[in-house]
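Throughout, read-outs are computed from the coordinates displayed, never taken from laboratory work. From a predicted model like this one, the values you see are computed outputs, not experimental measurements. Here Cβ is always computed from backbone atoms with ideal geometry, including for glycine, and neighbour counts include all displayed protein chains.
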Amino acid sequence: MLVKILGSAAGGGFPQWNCNCPGCQAARLPSGQRQSRSHQAKTLTQSSIAVRAYDGSWLLVNASPDVRSQLEMLRTQQEFSSSRSHPIAGIILTDAEIDHTTGLILLRESSQPLKVYSMPSVKRSLTTGYPLFSTLQNYCGVEWFPLEQKMTLLGLEIEVFPLSNKPPKYMQHQSESEEIWGVGLTFRDRVTGGILTYTPGLAELNDSIKERFEASHCILVDGTFWKNDELPALGIGSRTARQMGHLPLSGDDGSLAQLAKLSVPRKILVHINNTNPILIPDSDEHQAVKAAGIEIGYDGLAIAL
Ligand code: MLT
Ligand code: MN
Ligand code: ZN
C-alpha cells in the first residue's frame with residue numbers, strides 16, 4: 001500500500017489567513033529575518049491523505065479546501081494520455097467537517113459523478129446544513145455509498161470504526177443523540193499485508209483503539225492541539241480541545257504519553273492546528289514529540305506499507 005499525506009494541518013491550514021499566533025508567525029518569517037534556520041516552520045495545507053494498493057487507484061480520504069494543489073502531488077505521466085483525467089477513483093469522508101469536505105465543490109469539473117463514501121450522517125449534512133452534494137448535482141453529480149463496517153475497495157480491505165458522536169457546528173441543531181459523526185479507518189493491503197490506521201479526529205484513546213493501533217504498521221493520529229485550553233488561552237476561541245472532540249497531546253492523560261507506550265512501527269501526527277507549538281521546530285513541545293518517538297506529519301510525506 002502507498003499512503004501520501006496531502007495535508008497535515010487542521011482547518012485553516014498553517015499559517016492561517018487571519019492568525020498571528022507564534023506558530024503562524026514562524027511559518028511566515030521572511031527569509032532575511034530568520035533568527036535561525038531551525039526556527040522556520042514548514043507551511044502545511046489542510047487535512048487529507050491519499051491511499052492506494054500497489055496495483056490500484058488512489059482513494060482520496062477527506063476533501064480539503066486545498067484539494068486542487070494536493071491532487072497535483074498524485075499526478076503521474078500516464079494520466080496525460082487523454083485530455084480529461086484525474087488520479088482518484090473515489091473519495092472517503094471520515095466526517096462532515098468543513099475542512100474535510102469543502103474540496104468536493106472544487107472537483108465539480110469531473111466528467112463522471114464523484115464516488116463518495118461516508119456515514120449517513122455525513123450525507124445528510126452535505127444535503128442539508130452544508131449542501132455540497134445538492135449543489136454538485138448541477139455539475140458532475142455525486143454517487144454516494146454508505147461506509148460499511150468492513151468493505152473492500154480497489155484492492156484494500158477497509159475497517160470503519162466510530163470515533164465521534166459530535167456533529168459539526170453547522171449541524172448541532174439537527175443532530176440525533178448517539179449518531180455516529182466521525183469515524184476512523186483501518187486499511188489493509190491484501191497483497192503486502194501492510195496495515196494503516198487513520199484517526200484525524202480522536203476524542204479518547206480507549207483500549208479498543210489502542211489494540212487497533214498496535215495491530216497497525218503505521219498510524220496517522222489526531223495531533224490537533226497541544227493543550228486542552230489552547231484556543232481559550234490565546235484568546236481566539238471559547239471551546240477546549242476536548243469540547244471540540246480532540247484529545248490534546250500534553251498532560252498525563254494526553255495522547256502523547258499514551259501513544260509513547262504503544263509499540264507501532266510508525267506513529268505520525270496529522271490534523272495539526274496552526275496554534276499547536278509542535279509546529280515550531282525549535283520549541284520544547286516539538287522536541288518532546290520527537291523524544292517520544294512520534295513523527296510530525298508534513299505535506300508530501302509518503303509511506304509504503
Ligand atoms: C474540527 O476538526 O474539529 C473542525 O474541523 C473544527 C472546525 O470547525 O474548523
Ligand atoms: Mn478539522
Ligand atoms: Zn496561528
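Summary table below
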| quantity | calculated |
| --- | --- |
| Farthest toward positive dipole pole in the chain [+1 Lys/Arg, -1 Asp/Glu at C-beta], among Gly90, Ile209, Gly254 | Gly90 |
| Helix-derived mean residue ellipticity, 222 nm - over the chain, DSSP H n ≥ 4, -39500 (n - 2.57), to 500 | -4000 deg cm²/dmol |
| Shape of region 234-305, Cα gyration tensor, a/c cut at 1.5 | prolate |
| Sorted by Cβ density within 10 Å, fewest first, the residues His86, His246, His286, His173 | His173, His86, His286, His246 |
| Cα centre as origin, Lys/Arg/Asp/Glu Cβ charges: the chain dipole, Debye | 660 debye |
| Selection from Phe161, Phe225, Ser57 lying farthest towards where the dipole of the chain points positive, charges on Cβ | Ser57 |
| Fewest-first ranking of Ile195, Ile278, using other Cβ atoms within 10 Å as the exposure measure | Ile195, Ile278 |
| Cross-link pairs Lys123/Lys261; Lys115/Lys169; Lys166/Lys227 - those with Cα-Cα distance over 29 Å | Lys123/Lys261 |
| Electrostatic dipole magnitude of region 186-293 [Cβ: Lys, Arg +1; Asp, Glu -1; Cα centre; debye, to 20] | 380 debye |
| Prolate/oblate/rounded label for region 1-151 (Cα gyration tensor, a/c 1.5) | prolate |
| Disulfide-incompatible cysteines by the Cβ rule (no partner under 4.7 Å) in the chain | Cys21, Cys140, Cys218 |
| Neighbour cut-off at most 15 other Cβ (10 Å), DSSP loop, trypsin sites (Lys or Arg not before Pro), region 234-305 | Arg239, Arg242, Lys261 |
| Relative packing of 109-121, 43-55, which averages over residues the other C-beta atoms within 10 Å, highest first | 43-55, 109-121 |
| Rounded, prolate or oblate (a/c below 1.5 giving rounded, otherwise prolate when a/b exceeds b/c) for region 103-210 by Cα gyration tensor | oblate |
